[in-house]
Amino acid sequence: MATMVQAIRMALHVGEERLGVTDVFGEDVGPPLGGVFTATQGLKTAWNSPLDERGIIGTAIGLALAGQCPVAEIQFVDYVFNTIDLLKLAGGMSWSSNGDWNCPLVVMTPVGSGIHGSIYHSHSFDGMATHIPGWKIVMPSTPRDAYGLMLSAIKDPNPVMFLAPKALLRAKAAPGEEIPGEPADERQLSKMIDAPLGDRSQWTPQWPDTPDMFIPIGEARTVRKGRDLTVVTYGRMVAVCTKAAEELVSEGVDVEVIDLRTLWPYDWKTLKESIERTSRLLVVNEDTEVTNFGEHIIRRTVEECFYVLSSPPKLLAGAAVPGIGLADNLEHASVPQRAGIAKTMRELAQHQP
Amino acid sequence: MSTSSYQPAPRSDAEALDDTTEKSGNERNVTSADAALAPELLVRMHDLMLKARLLEERLIRMQKQGDGYFWIGGPGEEAFNVPLGMLVDRGEGVFHDYLHLHYRSSATLLAMGADPVDALRQMKNVASDPYSGGRNFAGHPSIRKWNVVPVSSPIEVQYSMAPGTAYAQKRAGGHGITIVTGGDAGTAEGDFPTCLVWTSRPGHELPVLIIVTNNQWGISTAGATQHGEKRISDRGKAFGIKCMTIDGNDPENSYHQIKRAMDYIRTERKPVLMEAMVSRLYGHSSSSGANYVQEEADCLMTFEKKLEERGILTRAHIDELRAKYTQELLDASKRVREEAQPEGSTIYDHVFAETNIVGLAAAKSRATANGRGN
Ligand SMILES: Cc1ncc(C[n+]2csc(CCOP(=O)(O)OP(=O)(O)O)c2C)c(N)n1
Ligand SMILES: [Mg+2]
């Protein structure tokens, strides 16, 4: 029962051992800490960088161009904003050179709210990220998906952004969602791969033998089949939407929940099939609502599925305010909550044209 | 793929770099210790400088005649950029030099052996432009087989990427270095100190030749109105980086100083910050008119005078060369004018790479290196 952060760590280990990862680096990524969320503990290629996000992204690009296989961490996505021109550069490397170069790198970074992160540890980046062509963008909602998507990100010859919902990093896998090869007992896994408190200089992890289980970039996962409404979501909102959907079962409302998993290039086939079947769409995410990635999904739905729709497609997203306030009431008023999501699901499912 | 032909320099050359930085400030000029360059080398250097100048003048002409939308380039920097290109260890992969250039680097590419016609193609944005297929401005090359990283318009970003290629080179062993270059005004961006910090981490110093070509302008803004530091190269001192400011208008001096810096970097695997004082002979770009500036030193003219005085070249020979290259470039530009534009339908090509081109190249160069016991 690995947590998401343990799953990422195991994937990076597999990356180092079998997929050619040369550098896992960023602020506090190397020993002794192994990452502020512990994602990089015990990795043999992990190293600490200067506190300089532009340097981190720039160096990752340079490493990639020299044929290395870097995974760079931005400690919190809130601090990636001053690198956007470098992200554009990485995303445009192949295109601008008309295919002369490629730029194989992974940027991993924790995103979103839900840990009382206040203004600067709660930002989302999905809208911004999907506005930078040339990147593939993945966002897992379970440890197993985090593991498989990280392997695919490492293997991909293009820049891949791995957005890790920070509120889920310490959440455990649901039963049946284990990573093959991980020990059944979570305490045993912790003993094997979590660095001990105190002096770690003599510690080495005991990695479980986990397989090359790639989860393909561009494939959504239908978390819950349903008849009345399609909910498209990703990251932290997947579990929230699933719970809201379950609440509605007793009322006879049957909601389909799709975890997009990859924001770009996204799985339109799965979405379209579902929307045409349920005739109703709700998109849920945490990012600020104006120029939100969900708006794109809705635009495409309107353009391609207009005549099958039984209700207006709807977006539930974060309030368009500069940040997430620290106090609970402020956070709850800023990002979609379960009750509000359930209410919207009910309204949409029962809406009659 | 060629293998590196580099032979480590005699130790005394690297030491010479040490001497002057402390004793006489950063300024470096040819001293009696510098052996005179062979006449054949001077003739070759002149040939490239002249060709580079005429290429830029042809590009300017093309833009003015409507055979291109924008011109930016490096006329006035030939005395620095040509020796730089001649001294590059050209090739693909970490055992050769990586170049993170900017939009004034055409003379460096010519000296490395680039075909001037390719620069004309990029000016005319034709599909045959090998640097970008008609996607990018003139003066924005990309040559993967020679480790020339795509030049992009945002000022200074190359200084943030340079540590990455150098990190790979240091890890690989060998003598390959990373060369990064840009202008003086751009050093105000954060990427410049990024490069200083990341190349001088204790125990992880990186083999980078950090060049600043100082023409004392950023478009219309005089450097002195924005920068309080006496020398840009002084900024390297705080990081323990060897620094020097050189007269980049003198190709012999440039050759010696670049060679000395490169020898140090190739063997010591540590950075050097080199500020080269250069001229900007046609203004910033076509946006500012691209007309010849009388007030600034013209390195080509000065060098030609010197070569004549020394009896190495005659005026008649120089005039003949000039006429020949002018005609060749004119003819080439006429041919390029007839080449096809890229199709609009190709805009989605290469958004994503299908294969790991750079990874495969790295594997190949590793295999070659192992083969020769590197
Ligand atoms: C980040 C960024 N800001 C502004 C510009 C517009 N711009 C292009 S060249 C230039 C001046 C650069 O001066 P310098 O670094 O001294 O180089 P030079 O052109 O003099 O060689 C500016 C401001 C740009 N291309 N990129
Ligand atoms: Mg300048």
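Would you mind stating whether A:Gly114 is in contact with a helix residue (DSSP H, G or I) (Cβ under 7 Å, 6 or more places away or on another chain), surrounded by fewer than 23 Cβ atoms within 10 Å (Cβ to Cβ) and in contact (Cβ under 8 Å) with a residue 24 or more places away in the chain? Spell out how you get there, then give the answer.
On the way: in contact with a helix residue (DSSP H, G or I) (Cβ under 7 Å, 6 or more places away or on another chain): yes; surrounded by fewer than 23 Cβ atoms within 10 Å (Cβ to Cβ): yes; in contact (Cβ under 8 Å) with a residue 24 or more places away in the chain: yes.
The answer is yes for A:Gly114.
Can B:Ala363 be described as part of a helix (DSSP H, G or I) and either farther than 20 Å from A:Trp95 by Cβ or more than 12 Å from chain A (Cβ to nearest Cβ) (or both)?
Values: part of a helix (DSSP H, G or I): yes; either farther than 20 Å from A:Trp95 by Cβ or more than 12 Å from chain A (Cβ to nearest Cβ) (or both): yes.
Yes, satisfied.
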Which one of these is within 14 Å of chain A (Cβ to nearest Cβ), modelled with pLDDT of 95 or more and more than 13 Å from ligand 1 (Cβ to nearest atom): B:Cys195, B:Cys243? B:Cys195
Answer with yes or no whether B:Val180 is in contact (Cβ under 8 Å) with a residue 12 or more places away in the chain, part of a helix (DSSP H, G or I) and more than 12 Å from ligand 1 (Cβ to nearest atom). no
Can you find even one residue in the stretch A:277-300 that is under 30 Å from A:Ser118 (Cα atoms), among the basic types (Lys, Arg) and in contact with a Ser or Thr (Cβ under 7 Å, 6 or more places away or on another chain)? no
Leading residue by the ranking (farthest from ligand 1 (Cβ to nearest atom)) among those in the stretch B:200-213 that are touching a residue at least 40 places away in the same chain (Cβ under 8 Å) and either within 19 Å of B:Arg266 (Cβ to Cβ) or surrounded by fewer than 22 Cβ atoms within 10 Å (Cβ to Cβ) (or both): B:Glu205
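Looking at the stretch B:153-184 only, could you name the residues that are more than 9 Å from chain A (Cβ to nearest Cβ) and within 17 Å of the chain's Cα centre (by Cα)?
Start the filter on the stretch B:153-184 by keeping residues that are more than 9 Å from chain A (Cβ to nearest Cβ), which leaves B:153, B:155-156, B:170, B:173-177, B:179-184.
Hits for the stretch B:153-184 are B:Ser153, B:Ile155, B:Glu156, B:Gly176, B:Ile177, B:Ile179, B:Val180, B:Thr181, B:Gly182, B:Gly183, B:Asp184.
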Find all pairs meeting these conditions: Cβ atoms under 7 angstrom apart; at least six residues apart or on different chains; first residue within the stretch A:223-250 and in contact (Cβ under 8 Å) with a residue 40 or more places away in the chain; second residue assigned to a loop (DSSP other than H, G, I, E, B) and among the hydroxyl-bearing types (Ser, Thr, Tyr). A:Tyr234/A:Ser141; A:Gly235/A:Ser141; A:Val238/A:Ser141; A:Ala239/A:Ser141
Inside the stretch B:259-309, the number of residues satisfying the requirement of being within 16 Å of ligand 2 (Cβ to nearest atom) and assigned to a loop (DSSP other than H, G, I, E, B) is 13
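Determine which member of the set B:Ala119, B:Ala114, B:Ala107 is of a type in the set (A, V, I, L, M, F, W, C), surrounded by fewer than 24 Cβ atoms within 10 Å (Cβ to Cβ) and either more than 8 Å from every other protein chain (Cβ to nearest Cβ) or closer than 24 Å to B:Gln65 by Cα (or both).
Just a single option satisfies the conditions, and that option is B:Ala114.
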Positions within the stretch B:204-221 being assigned to a strand (DSSP E or B) and either more than 13 Å from ligand 2 (Cβ to nearest atom) or within 14 Å of chain A (Cβ to nearest Cβ) (or both), in sequence order: B:Val208, B:Leu209, B:Ile210
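Going by what's in this entry, would B:Cys195 be described as within 20 Å of the chain's Cα centre (by Cα) and more than 30 Å from B:Ala138 (Cβ to Cβ)? Explain how you work it out, then say what you get.
Values: within 20 Å of the chain's Cα centre (by Cα): yes; more than 30 Å from B:Ala138 (Cβ to Cβ): no.
Spelling it out, it is not the case that B:Cys195 is within 20 Å of the chain's Cα centre (by Cα) and more than 30 Å from B:Ala138 (Cβ to Cβ).
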So, in the stretch A:70-85, how many residues would count as being within 8 Å of chain B (Cβ to nearest Cβ) and crowded, with 24+ Cβ neighbours inside 10 Å? 1
Every pair of residues 6+ apart whose Cβ atoms lie under 6 Å, when the first sits in the stretch A:86-102 and is more than 7 Å from every other protein chain (Cβ to nearest Cβ) while the second is assigned to a helix (DSSP H, G or I) and surrounded by 23 or more Cβ atoms within 10 Å (Cβ to Cβ): A:Ala90/A:Ile61
Which of the residues belonging to the stretch B:81-110 are farther than 11 Å from B:Gly176 by Cα and among the basic types (Lys, Arg)? B:Arg104
Tell me which of these A:Glu286 doesn't satisfy, since it passes every other one: (1) out of contact with any Pro (no Cβ under 8 Å at 6 or more places or on another chain); (2) within 17 Å of A:His123 (Cβ to Cβ). (1)
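The values are calculated or read from the model by the stated rules, or taken from the named source; none is laboratory data. The model shown is predicted, which means the values in this text are computed figures rather than measured ones. Cβ: placed from backbone, ideal geometry, glycine included. Neighbour counts: every protein chain shown.
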